[in-house]
Amino acid sequence: MRARADAVSRTRQEIVRCAAGRLRGSSEPVTLAGIAAAAGVSRSTVYRHFRSITSLLDAVAADLLSRARFDQLLAAVSLPEPGAALAEVTRLGCGIWAIDPDLVRNLLALARAQADALPVIGQLEDGRVQVMEHLVQRLDDTGALAADLSRRDAVDLLVAATGFAGWDQIVTARQRSPGTATSLIVRLALRAVT
């Protein structure tokens, strides 16, 4: 029984790996049949694991977050000093972009071309906004939020400053290292709201 469960788990992981590989190479719409062919499994096997493109893309995003140690980002939200929490959350958030930028870039582009990707990207972005709202509230509650900023304006600034597009622009167009881009975005986020 255990061997069967391990085989099922390996098949699921292979499907997710193939889907991520496909997305790294192209932002063109994906199909479960296409992913089945890439993974070397039948369509019915893919459908047993994933009932829709959305559920497959959700698994790809979850794998990315796991590889990026998203658990550390969630823990950083609760650091005692809110400015330090903001800096660490921003650093770790940029780490998600840095671990697999081609995948992130193409997932975001896919959301503009394939409706099945919208819920996945929407959920990720909603989570980012919620974290920023929590951090801004903590900054405000401790008197560390810039006096001329409303909470809403501060959240909007952080959402803009910490998104993938800015980080990717620094890395690709400006040809800076991922570490340098991350450091600059951390500085920008802190200066924007404190």
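Just a few scattered comments:
- Residue check for Ser78: open to solvent by 10 Å² or more (accessible area, probe 1.4 Å) and farther than 29 Å from Glu133 by Cβ: no
- Selected residue (criterion: most open to solvent (accessible area, probe 1.4 Å)) from residues of region 107-125 that are of a type outside the set (Gly, Ala, Ser), part of a helix (DSSP H, G or I) and over 24 Å from Val171 (Cβ atoms): Gln123
- Region 126-151: number of residues that are open to solvent by 70 Å² or more (accessible area, probe 1.4 Å) and under 17 Å from Pro82 (Cα atoms): 8
- Checked against (1) outside any helix (DSSP H, G or I); (2) among the small types (Gly, Ala, Ser); (3) more than 22 Å from the chain's Cα centre (by Cα), Ser78 meets all criteria but (3).
- Being of a type in the set (Gly, Ala, Ser), assigned to a helix (DSSP H, G or I), modelled with pLDDT of 95 or more and buried (at least 17 other Cβ atoms within 10 Å of the Cβ) is a description that applies to Ala85.
- Residue in region 158-177 that is open to solvent by 50 Å² or more (accessible area, probe 1.4 Å) and farther than 26 Å from Ala20 by Cβ present: yes
- Which listed residue, of Ser27, Ser55, is of a type in the set (Gly, Ala, Ser) and buried (at least 19 other Cβ atoms within 10 Å of the Cβ): Ser27
- First in region 77-94 and closer than 10 Å to Ala144 by Cβ, second anywhere and surrounded by fewer than 17 Cβ atoms within 10 Å (Cβ to Cβ), Cβ under 6 Å, 6 or more apart: Pro82/Thr142; Pro82/Ala144; Gly83/Ala144; Gly83/Thr194
- Here Val104 meets each of (1) in a helix (DSSP H, G or I); (2) open to solvent by 30 Å² or more (accessible area, probe 1.4 Å); (3) under 22 Å from Ala161 (Cβ atoms) with one exception, condition (2).
- Taking every residue in region 153-174 that is within 13 Å of Arg128 (Cβ to Cβ) and modelled with pLDDT under 95 and pairing it with any residue that is open to solvent by 30 Å² or more (accessible area, probe 1.4 Å) and of a type outside the set (Phe, Trp, Tyr), at least 6 positions away or on another chain, yields no pair with a Cβ-Cβ distance below 6 Å.
- Subset of region 1-24 [loosely packed, with under 15 Cβ neighbours inside 10 Å and of a type in the set (A, V, I, L, M, F, W, C)]: Met1, Ala3, Ala5, Ala7, Val8
The values are calculated or read from the model by the stated rules, or taken from the named source; none is laboratory data. Nothing here was measured: the structure is a model prediction, and the numbers come from that model. In this analysis, Cβ positions are derived from the backbone assuming ideal geometry, glycine residues included, and neighbour counts consider all displayed protein chains. Please note that ligands, DNA and RNA were not included when accessible areas were found on the heavy atoms of the full protein model with its side chains. Shrake-Rupley method; radii C 1.70, N 1.55, O 1.52, S 1.80 Å.
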